[in-house]
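Scroll down for the structure; my scribbles are underneath it.
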Amino acid sequence: MNKTLGTAVAVTLIGGLAGCGSDDGPELNKLPAGFTQHSVTDFTATTPGTGSTAATQDLLTGGLGKAGLMVAAPAYADPAAPTAAELRRNALHSNYRGLVDFTANGGYGRFYGPNIDANGNDTLGAGMVPGREYVASLDDGSGNKRTVVAVQVPASFNPEAPCLVLAPSSGSRGVYGAIGTAGEWGLKRGCAVALTDAGKGMGLYDPTDDSVHQVDGTRASRSVAGALSHFAAALSDTARAAFNSAFPNRLALKHAHSQQNPEKDWGNDTLAAGRYAMYVLNEQFGRAAWDGSGKEVRFTRDNTLVIAASVSNGGAAVLRAAEQDADGLIDGVVAGEPSAQPSSTTGYGVSVGGVAVPTFGRPLFDYFTHANLYQPCASLAPAAVLAEASTYNTMGSPAFRALAANRCNALAARGLLTGATTAEQAADALARLRAYGFTAEHDTMHNAHYGLGNAAIITMMYANAYGRFSVADNVCGLSVAATSPTTGEVVPVAANTKAASYAAGNGTANGSPASVVYNNSVGGARQWSFGVSPTSGTADLSLDSALCLRSLALGTDVVTGAALTASSTPTLAQSQAVRAGVNEVLLNGNLRGKPTLMVGGRSDALIPVNHSERAYLAFNRLTEGAGSPLRYIEVTNAQHFDGFLPFPGFDNRFVPLHVYFIAAMDAMWAKLKNGTELPPSQVVRATPRGGLPGAAPALAAANLPAIATTPAAADAIGFAGSTVNIPQ
């Protein structure tokens, strides 16, 4: 690394000395192009409790502290019209809890949490972090992009040893989506943190009343919000009226319906957040120019330590940012469970225990549309079925098992499964998932992931995002809306639910408040799990829509193998648009020699390691050579959603991957500050807590072996030529 750390550069002079008769003065700090700054707020964090004003909030917990994050979010004074401050507080609460296990038995407050200091000790009490927060948005001039950035500068920031953490949100979350992961780590280190939604966020648009979220989370009509609108669908009044008439009570989500394919910009948005953060630091700590025209440029990429870090989609964003960082802003990268999609699967390989993996490195939309077909049927296979009643066994009820059996039969009738019985069909479905890059560690997770709606949500949202489709297009007969929990019918979204959705929602169609709706269901539109396909006439979990989505990914009809046409469902043009959007988001594998740590859970059935971390590690080596500083830590008995660990069945099976993300951040800090070598790529063999679902014993240090400085031979990840070998 070529940066000079520990000493902040003073003023940069151009052409002469400031104030000495020259017309030239210091290089002045300027708001980066495309940014609009919305607010600057000092959070004093002096009073624990519910907190609804700057005097009682803080940067990390919204004034709730460690204890407040463990319990339900505070109520709003007026549920019909929450204030911006209340929404900020509750957004911090929901985003923090959405990324970590917030229970004491699960490790919160002992291994991690606001009270745990940078050295892993319980010294910070309530853990509130005072400081200043700057909120701005980035647009491309269209009014549709609207990437939101919040730069947090803790009171502990040391201008003489400046550091900055770039923390794009995970999933489709809003600007605070990385607060509990990279955000918390950075604030505890005294670093400024640049949070960004990277063009996603809780942008909920309601065509019924033409209302939007404003950047601060409050609701307003599109006309009143104006430039403060986070997202509004690109519909004329005439088109909106027609849509509302044909599809009443539907909603639109920014990630899915902005027609921007925001994923293509996640890397550049992360870098832009860094540029805005540099502006913020210079504004806050720079001296005024001699002529009063602005603030000096005191902090630059050359003297400020910058780590780009996040998890899931945020992990993909920081990898993409490193690949695109031509200016050398970023010093190090930490990517937890990233959706790392290599742009090629040729020239390298993946093996496990010396056995070649046949399918790896596929794009997310490819393997998700495959899983969306087969997961429900596979959940009935002996290797996947569970007797327990728990959240982990979401599809274990007789009603759900009957729907899964209908899916098996419907797939077999179309020639997409073999077997004369449901049991034989289920075994074939599971085998097809394994052949497509899923592993034995994922067998029992298929019912939980499918039952919780992950496949239905991701395939619908990403089809729309990649293809840049309008909400009015209803691609594959799918839309989003509030639905009845008992019948699946579309219902109007409750006013108070909509008012609070900025804080409660995560930007997806997960039911808070929008769910995926199959418009073409027999008997009328229904939430996807209630859907009856017209071609089968059975309740088969909306199979016709899943077949359509898979055909979008393939470019051919998944059932017949025939080429798509202008009149097929889906159309050839739709498939071409989706596949072009997918190609825009693939990674090139060149991290520009930046020290990088990836952390993944072997049991991650959402972003399977064969398609992501394992494949990207090999692809990067092919691209950058054996000298690449990328390292990969794979943790056994860890999966994608630490936020699920409080649920019965998850608690006794998995350890928190978050603990290893923190360890990776610490290792990167040691590398950049002290030159300590990053740990070698390795498998860390964590031990689950065990016990009964919902009654797992408390997480102990023995469950969480450390990342080894020198891993045992049986745990070391190595290469044979261009093939990465993962120990079994």
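Just to be sure, is Tyr466 in contact (Cβ under 8 Å) with a residue 12 or more places away in the chain, open to solvent by 10 Å² or more (accessible area, probe 1.4 Å) and not aliphatic (A, V, I, L, M)?
Numbers: in contact (Cβ under 8 Å) with a residue 12 or more places away in the chain: yes; open to solvent by 10 Å² or more (accessible area, probe 1.4 Å): no; not aliphatic (A, V, I, L, M): yes.
For Tyr466, the condition - in contact (Cβ under 8 Å) with a residue 12 or more places away in the chain, open to solvent by 10 Å² or more (accessible area, probe 1.4 Å) and not aliphatic (A, V, I, L, M) - is not met.
When you scan the stretch 391-435, how many residues do you find that are out of contact with any Gly (no Cβ under 7 Å at 6 or more places or on another chain), open to solvent by less than 30 Å² (accessible area, probe 1.4 Å) and at pLDDT 95 or above? Adding up the residues that qualify gives 12.
I'd like to check something: does the stretch 435-447 contain any residue that is among the polar types (S, T, N, Q), within 20 Å of Pro363 (Cα to Cα) and out of contact with any His (no Cβ under 7 Å at 6 or more places or on another chain)? Yes: one or more hits. Would you confirm whether any residue within the stretch 128-139 is surrounded by fewer than 20 Cβ atoms within 10 Å (Cβ to Cβ) and within 19 Å of Ala67 (Cα to Cα)? Within the stretch 128-139, one or more residues are surrounded by fewer than 20 Cβ atoms within 10 Å (Cβ to Cβ) and within 19 Å of Ala67 (Cα to Cα).
Suppose we filter the stretch 461-485 for residues that are of a type in the set (Lys, Arg) and part of a helix (DSSP H, G or I); how many remain? Here the count works out to 0.
So, of the residues in the stretch 575-593 that are assigned to a loop (DSSP other than H, G, I, E, B) and open to solvent by less than 20 Å² (accessible area, probe 1.4 Å), which turns out to be farthest from Leu552 (Cα to Cα)? Break it down into steps so the answer makes sense when it comes.
First, pick out the residues of the stretch 575-593 that are assigned to a loop (DSSP other than H, G, I, E, B): 586, 588-593.
From the residues that got through so far, the ones that are open to solvent by less than 20 Å² (accessible area, probe 1.4 Å) too are 589, 591.
Working: Gly589: 26, Leu591: 31 Å.
So the residue we want is Leu591.
Go through the stretch 489-502 and count every residue that is more than 20 Å from Ala232 (Cβ to Cβ) and either in contact with a Pro (Cβ under 8 Å, 6 or more places away or on another chain) or surrounded by 20 or more Cβ atoms within 10 Å (Cβ to Cβ) (or both). Spell out the reasoning first.
So the first thing to find is which residues in the stretch 489-502 are more than 20 Å from Ala232 (Cβ to Cβ), and the list is 489-491, 494, 496.
Among the residues that remain, those that are also either in contact with a Pro (Cβ under 8 Å, 6 or more places away or on another chain) or surrounded by 20 or more Cβ atoms within 10 Å (Cβ to Cβ) (or both) are: 490, 494, 496.
Residues that pass the stated criteria total 3.
Scanning the stretch 96-127 for residues that are in contact with a helix residue (DSSP H, G or I) (Cβ under 8 Å, 6 or more places away or on another chain), open to solvent by 10 Å² or more (accessible area, probe 1.4 Å) and closer than 14 Å to Asp642 by Cα yields Arg97, Gly98, Leu99, Phe102, Thr103, Ala104, Phe111.
Could you tell me whether the stretch 680-693 includes any residue that is open to solvent by 50 Å² or more (accessible area, probe 1.4 Å), among the small types (Gly, Ala, Ser), farther than 19 Å from Leu305 by Cα and touching a residue at least 12 places away in the same chain (Cβ under 8 Å)? The answer is yes, given that some residue of the stretch 680-693 is open to solvent by 50 Å² or more (accessible area, probe 1.4 Å), among the small types (Gly, Ala, Ser), farther than 19 Å from Leu305 by Cα and touching a residue at least 12 places away in the same chain (Cβ under 8 Å). Any residue that is in contact (Cβ under 8 Å) with a residue 24 or more places away in the chain, surrounded by 24 or more Cβ atoms within 10 Å (Cβ to Cβ) and assigned to a helix (DSSP H, G or I) - is there at least one of those in the stretch 624-644? Looking through the stretch 624-644, at least one residue is in contact (Cβ under 8 Å) with a residue 24 or more places away in the chain, surrounded by 24 or more Cβ atoms within 10 Å (Cβ to Cβ) and assigned to a helix (DSSP H, G or I). Only residues that are under 14 Å from Ile457 (Cα atoms) and among the small types (Gly, Ala, Ser) were counted in the stretch 511-530, giving 5.
Residues in the stretch 329-373 that are open to solvent by 10 Å² or more (accessible area, probe 1.4 Å) and touching an Asp or Glu at 6+ places or on another chain (Cβ under 9 Å): Glu337 only.
If you go through the stretch 505-542 and keep only what is among the hydrophobic types (A, V, I, L, M, F, W, C), in contact with a Pro (Cβ under 9 Å, 6 or more places away or on another chain) and either buried (at least 24 other Cβ atoms within 10 Å of the Cβ) or outside any loop (DSSP other than H, G, I, E, B) (or both), you end up with just Leu541. At least 1 residues being free of Cβ contacts under 8 Å to residues at least 40 places away in the same chain, closer than 20 Å to Val516 by Cα and among the aliphatic types (A, V, I, L, M) is the threshold, and among the helices (runs of 4 or more DSSP H) wholly inside the stretch 192-272 those reaching it are 237-246.
So that you can scan it fast, the table gives a plain yes or no per residue for (1) open to solvent by 50 Å² or more (accessible area, probe 1.4 Å); (2) under 25 Å from Ile457 (Cα atoms):
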position	(1), (2)
Ala246	yes, yes
Leu251	no, yes
Pro262	no, yes
Gly286	no, no
Ala289	no, no
Arg298	no, no
Asn303	no, no
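The set of residues in the stretch 486-504 being part of a helix (DSSP H, G or I) and either at pLDDT below 95 or more than 25 Å from the chain's Cα centre (by Cα) (or both) consists of Ala495, Asn496.
The values are calculated or read from the model by the stated rules, or taken from the named source; none is laboratory data. All figures in this text were calculated on a predicted structure; none of them were measured in a lab. Note that we place each Cβ from the backbone using ideal geometry, even for glycine, and neighbour counts take in every protein chain shown. These area figures cover heavy atoms from the full protein model, side chains too; ligands, DNA and RNA do not enter into them. Shrake-Rupley method; radii C 1.70, N 1.55, O 1.52, S 1.80 Å.
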